[in-house]
Amino acid sequence: MKYAYYPGCSSEGSGAEYARASEAVLEAMGVELEEIDDWVCCGASPAHATSHLLSIALPAISCAAAEKQSLDIMTCCACCHSRLKQTNQQVKDDPKLRAQISEIIEEDYKGSQNVLHITEVLAREVGLEAIKARVRKPLKGLKVACYYGCLMSRMPEALLTDKSEYPMLLDNLMEALGAEPLDWPFKTECCGAALTLTQTKTVIRLSADVLQMAKQNGADVLTVACPLCQANLDMYQGEAEKLLGERFTIPVIYFVQLMGLAMDLDPKRICLDKLIVDPFPILAKKGFIDGAVYL
Amino acid sequence: MRTDLTDKALHSEFRRKVEELSGQNLSDCYQCGKCSGGCPVEPDVKVSPNRLIRMVQLGMEAEALSSDSIWHCAGCCTCNGRCPMGIDIVRIKDVLRSLTKNIHYGRGSLEAWTFYESFLDCVRNFGRLTEIGLMGGYNINSGWILTNVKKAPWFIMRNKLGISPHTIKRIDRLQRVFKRIEEIEGK
């Protein structure tokens with residue numbers, strides 16, 4: 001199994017631990033990655049909010065490069081995934097747009113490769129059984145609230161076969177690790193996403209609601225598959241505390257980090273120390289880590 | 001608010017332009033309000049998504065473009081997911097946002113445009129985004145110098161900020177792409 005890998009900009013900054021842990025888990029599961037040569041930013045919301053053509057052209061540059069590698073594209077970031085997938089679909093469906101985009105990006109681009117999110121690769125291509133068999137330290141008794149956010153569940157061409165209002169992909173993965181995924185109602189509520197800089201108050205209110213609901217449902221940790229969800233939920237727990245008047249110390253952990261933990265991978269590669277809300281107390285209490293190894 | 005339903009209002013140039021740019025048929029919307037029911041930012045805005053669509057249907061250009069609701073939209077797509085007619089409401093909002101370039105009115109529009117421009121400038125110059133470049137550009141240009149500054153020490157301590165921007169190899173091609181699109185869109 002081999003994919004053209006689109007790391008996305010957050011892999012070089014605030015979401016570095018997500019990319020590193022993903023690479024480690026995929027390697028352990030025998031998935032090969034070939035980084036897309038000279039990939040560029042997908043443009044995210046600033047591109048599609050200001051120019052439709054730009055929002056297609058930017059992902060098209062990276063998709064065209066992957067086409068040359070003749071590999072399906074895999075990415076970890078939920079936003080990059082939705083931008084690349086929409087671009088691919090629109091270019092495939094619309095010959096006029098295909099011609100225009102090929103001219104703009106100076107490269108022939110057909111939209112012939114699939115775009116997959118890492119959750120799909122792990123849950124469907126690698127398979128839950130294979131993951132179960134690779135688990136060395138089951139996360140027994142860890143109550144995990146799986147938080148999907150918007151882009152993984154609702155984008156028109158997103159994870160097609162999952163239910164948009166109550167997805168199960170992450171829950172199934174957590175179950176395979178031996179953890180206890182919670183049945184909770186805020187799986188796909190919005191955290192405020194890219195409004196972090198422009199409408200901070202809105203982001204704090206929305207993230208606080210998600211944290212409160214997770215806490216009320218008895219979650220030990222929240223698990224996410226999107227760097228922006230992770231940043232918002234992790235960073236604003238102090239503000240959420242001020243807003244709602246209750247204390248929040250819920251670690252927000254990338255699902256691949258939990259996978260790495262259950263598979264007993266090198267702690268240096270799963271980077272749990274990069275999270276803002278310290279996950280070690282709860283993980284040590286549950287007996288999944290030996291404090292000395294990590295500190 | 002009272003608006004006279006004239007033939008001219010229902011077939012306005014503004015409505016035609018939004019329909020053309022978004023590829024959506026606005027007559028599809030029968031104002032059921034499901035979009036507003038699910039909208040997470042609805043409590044923070046004066047104009048809910050279904051009212052915004054109504055404004056476009058009735059050709060109320062100034063009201064639609066100056067509404068705060070297009071700037072508070074998180075792009076979460078709950079409205080799209082729940083619309084019984086399958087209207088791409090987020091795309092309509094994208095179109096409305098792009099129509100306000102160089103107008104800058106409405107609560108939140110200055111911040112949003114500064115964010116978009118800081119983000120895209122960074123992409124245009126380096127091919128990839130760096131958080132330092134984005135936050136620096138945004139905080140200086142928007143005048144909100146202290147936005148999220150309190151969070152910076154955490155990110156530095158956890159070594160989560162890419163300090164030096166990584167420039168892609170074919171940056172010249174990328175800049176031609178930006179230029180071509182500007183020419184096509186006549187900016």
* Which loop-located trypsin sites (Lys or Arg not before Pro) does region B:18-67 contain, where loop means any DSSP state but H, G, I, E or B and the Cβ has at most 11 other Cβ atoms within 10 Å? -> B:46
* Structure fact -> Residues B:118, B:69, B:98 in order from fewest to most other beta-carbon atoms within 10 Å are B:98, B:118, B:69
* To do: Extending each Cα 7 Å along its Cβ direction at residue A:93 and residue B:27, get the distance between those two points in nm, one decimal.
  => 2.2 nm
* To do: Which order do the peptides B:59-67, A:53-61 take when ranked by the mean count of other beta-carbon atoms within 10 Å per residue, highest first?
  => A:53-61, B:59-67
* To do: Shielding by partners for B:111-119, please: the mean number of other protein chain Cβ atoms within 10 Å of each residue's Cβ.
  => 6
* Built amide H within the under 5 Å cut-off of residue A:221, gap 5+ -> A:143, A:145
* Asked: So what is the relative contact order for region B:106-187, in percent, with contacts set as C-alpha pairs under 8 Å and at least six apart?
  -> 35 percent
* **Fewest-first ranking of B:71, A:184, using other Cβ atoms within 10 Å as the exposure measure** => A:184, B:71
* Asked: Per the helix-only calculation at 222 nm, which mean residue ellipticity applies to chain B, given -39500 (n - 2.57) for every DSSP H run of n ≥ 4 and division by its residues, nearest 500 deg cm²/dmol?
  -> -15000 deg cm²/dmol
* **Nearest-0.05 FRET efficiency for residue A:165 and residue A:136, computed from C-beta distance (R0 45 Å)** => 0.85
* Averaged over A:97-108, how many beta carbons belonging to a partner chain fall within 10 Å of each residue's beta carbon? -> 2
* To do: Please tell me the relative contact order of chain B in percent, rounded to the nearest whole number, where contacts are Cα pairs under 8 Å and at least six residues apart.
  => 17 percent
* Structure fact -> Ranking A:69, A:33, A:280 by how far each Cα lies towards the positive end of the charge dipole of chain A (+1 on Lys and Arg Cβ, -1 on Asp and Glu Cβ), the top one is A:280
* To do: Compute the label zone of residue B:6 within region B:35-59: residues whose backbone N is under 13 Å from the point 7 Å along Cα-to-Cβ.
  => B:59
* Of B:25, A:202, A:263, which is farthest on the positive side of the dipole of the protein assembly as shown, counting Cα position, with +1 on Lys and Arg Cβ, -1 on Asp and Glu Cβ, and the Cα centre as origin? -> A:202
* Structure fact -> The long-range amide H neighbours of residue A:254, using H built 1.01 Å from N in the peptide plane and a cut-off of under 5 Å, are A:224
* Asked: Assuming R0 = 35 Å, what is the FRET efficiency of residue B:107 and residue B:170, from their Cβ-Cβ distance, to the nearest 0.05?
  -> 0.30
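For a quick check: sort B:119, B:178 by the number of other beta carbons within 10 angstrom, fewest at the front. Intermediate results must be reported in sequence, preceding the final value.
Numbers: B:119 26, B:178 18.
Ordered from fewest to most neighbouring Cβ atoms within 10 Å, B:119, B:178 come out as B:178, B:119.
Read-outs: derived from the displayed coordinates by stated rules, not from any lab. These numbers were taken from a predicted model, which means no experiment stands behind them. FYI the Cβ positions are ideal-geometry reconstructions off the backbone, even for glycines, and counts take in every protein chain you see.
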